Amino acid sequence: MKLESLQAAEKKLLLQTYERNPYLFTGGKGVYLHDENGDAYLDLLSGIGCSALGYGHPALEAAIIEQTKKLLHTSNLFFQEHTAELALRLTEISGLDRVYLCNSGTEAWEAAMKLARAHSLMLREEGRNIGTKFIALEHSFHGRTMGSVSTTHKAKYREPFAPLIPTVDFVAFNDVAALRAAFSTDVCSILIETIQGEGGIHPVSREFFAAARELCDSTGALLIADEIQCGVGRTGKWFAYQHYGIMPDVTTLAKPIAGGVPMGAMLCTEEVAKAFHPGMHGTTFGGNPLACAAAIAVIDTIKRDAILEHITETGTYFLDRLNDLAKSKPAIKEVRGLGLMIGVELHDATLAGDIARELMEHRIIINRTSDTVLRFLPPYILEKKHVDIAVEALAELLSIHESKNTAVLAGGTTHG
Ligand SMILES: Cc1ncc(COP(=O)(O)O)c(C=O)c1O
């Protein structure tokens, strides 16, 4: 089916939950996606941070094909060949002890929220003074299910679904005094995206993260780090919290873990894991053989090919080039990021929308988040030559807009 007929069919048949861009991708190789006409697009978004190894990666393809031929699914009623193998890898790379596998980011986050409640109950049963409230941060994004969305800050995502979980307080991002003021023994958990993604690529400050750790330690509340967007190598370390040297009690991951096959995971310490018993939480598909085989291939490829080092090097190059560009382009307000998680904030939301669309027209895929931020979440295998293509295209588009503005201003002066 061609794009136009798909658009018409979807308009009639699907719930209209997405405003899709008018492109139809039917294949891909490396860091390029191909549309229905065979045109190649440089992909700097990787399906919102998922296609970590790009497209058609031989190791990932082989693992998926082999597992598909063997066995796709049996459910969590039975043991599966790869579950423990994957869990071992996840504990080794995270420094946490135990793993719960599921199918998406929001599911991982739901599991973490439920674990925080179950843990606080466990502590109360031991006679400890600890409540059930969550502290989340302003501009956070943790997903769209009822629990996750209760901790997601943006009003337009939450308000239509009220009443939500009532015991969530939002604290201003990186405001240590506000965090201390909001914290008490009523709190069962502080919830932090180590680097806010949808909120516009904002890393939590060291002071804030450390204060959250200290407060949690003072009562037994859990520090939960959402690494669904920034984890599994994206920033050049396996987890973004490893840049801070601060361990959370629980972390969540999803997007890149299985290279594009749906999967999520929640990881926690041995102590916290005691709060879940058989039957308290679960999912039919979670950790099925196909997703586990894919995730093992992703982790092993990242290790074998020294991809974390590659991300650090390419990400630093990307950030340097963007910072250089910012010096000559007043439309750029700030360049932020770590590894291959990068945001370029413009002063003007309309311009950011125009640039994102025009880059697509130049066959470079990015997106805009938080209105003014151009977001880059490329496949980990991105090379410097691709960075050059992207930065030069961005420079050219910003120059075109600048000259249009100058023309408008000049025109205004003439007529004024
Ligand atoms: C930090 C963070 N948490 C949770 C989610 C939700 O993940 P999913 O869309 O897989 O449910 C996202 C998705 O963008 C995310 O970026």
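Remarks
- Verdict on L123 being away from the ligand (no atom under 16 Å from the Cβ), modelled with pLDDT of 95 or more and aliphatic (A, V, I, L, M): yes
For every residue, the table says whether it meets (1) surrounded by fewer than 19 Cβ atoms within 10 Å (Cβ to Cβ); (2) modelled with pLDDT of 95 or more; (3) over 15 Å from C292 (Cβ atoms); (4) within 16 Å of the ligand (Cβ to nearest atom).
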| site | (1), (2), (3), (4) |
| --- | --- |
| L53 | no, yes, yes, no |
| E66 | yes, yes, no, no |
| K70 | yes, yes, no, no |
| C102 | no, yes, no, yes |
| R128 | yes, yes, yes, no |
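- Pairs linking a residue in segment 31-50 that is farther than 24 Å from Q196 by Cα to a residue that is among the β-branched types (V, I, T) and not in a strand (DSSP E or B), with Cβ atoms under 8 Å and 6 or more positions apart or on different chains, are V31/I381; L42/V31; L42/I389.
- Any pair with Cβ under 9 angstrom, 6 or more apart, that starts in segment 246-259 at a residue that is open to solvent by less than 10 Å² (accessible area, probe 1.4 Å) and polar (S, T, N, Q) and ends at one that is within 13 Å of the ligand (Cβ to nearest atom) and in a loop (DSSP other than H, G, I, E, B): T251/T194; T251/E227; T251/G231; T251/F239; T252/H142; T252/E227; T252/I228; T252/G231
- Positions within segment 357-390 being within 18 Å of the chain's Cα centre (by Cα) and of a type in the set (A, V, I, L, M), in sequence order: I365, I366, V373, L374, L377, I381, L382
- Among the conditions (1) more than 26 Å from H153 (Cα to Cα); (2) within 16 Å of the ligand (Cβ to nearest atom); (3) outside any loop (DSSP other than H, G, I, E, B), the only one that E271 does not satisfy is (2).
- Search result, residues across segment 164-192 that are open to solvent by less than 10 Å² (accessible area, probe 1.4 Å) and either farther than 19 Å from H119 by Cα or more than 16 Å from the ligand (Cβ to nearest atom) (or both): V171, L179, V187, C188
- The sole residue among E61, E19, E4 that is open to solvent by 30 Å² or more (accessible area, probe 1.4 Å) and over 26 Å from the mean Cα position of the chain (by Cα) is E4.
- Of the residues making up segment 46-90, those that are over 17 Å from L308 (Cα atoms), part of a helix (DSSP H, G or I) and not hydrophobic (A, V, I, L, M, F, W, C) are G47, P58, E61, E66, Q67, T68, K69, K70, T83, E85.
- Some residue of segment 222-232 being open to solvent by 10 Å² or more (accessible area, probe 1.4 Å) and assigned to a helix (DSSP H, G or I): no
- The set of residues from segment 130-163 being part of a loop (DSSP other than H, G, I, E, B) and either away from the ligand (no atom under 16 Å from the Cβ) or open to solvent by 40 Å² or more (accessible area, probe 1.4 Å) (or both) comprises I130, G131, T132, E138, H139, F141, R144, T145, H153, K154, A162, P163.
Conditions (1) assigned to a strand (DSSP E or B); (2) within 16 Å of the ligand (Cβ to nearest atom), marked per residue:
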{"position": "A9", "(1), (2)": "no, no"}
{"position": "Y18", "(1), (2)": "no, yes"}
{"position": "G28", "(1), (2)": "yes, no"}
{"position": "L33", "(1), (2)": "yes, no"}
{"position": "N37", "(1), (2)": "no, no"}
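The values are calculated or read from the model by the stated rules, or taken from the named source; none is laboratory data. Note that the structure is a prediction, hence the values are computed from the model and not measured. Neighbour counts run over all protein chains shown; Cβ positions are idealised from the backbone, glycine included. For the accessible areas, the whole protein counts, side chains as well, though only heavy atoms, and no ligand, DNA or RNA atoms are used. Shrake-Rupley method; radii C 1.70, N 1.55, O 1.52, S 1.80 Å.
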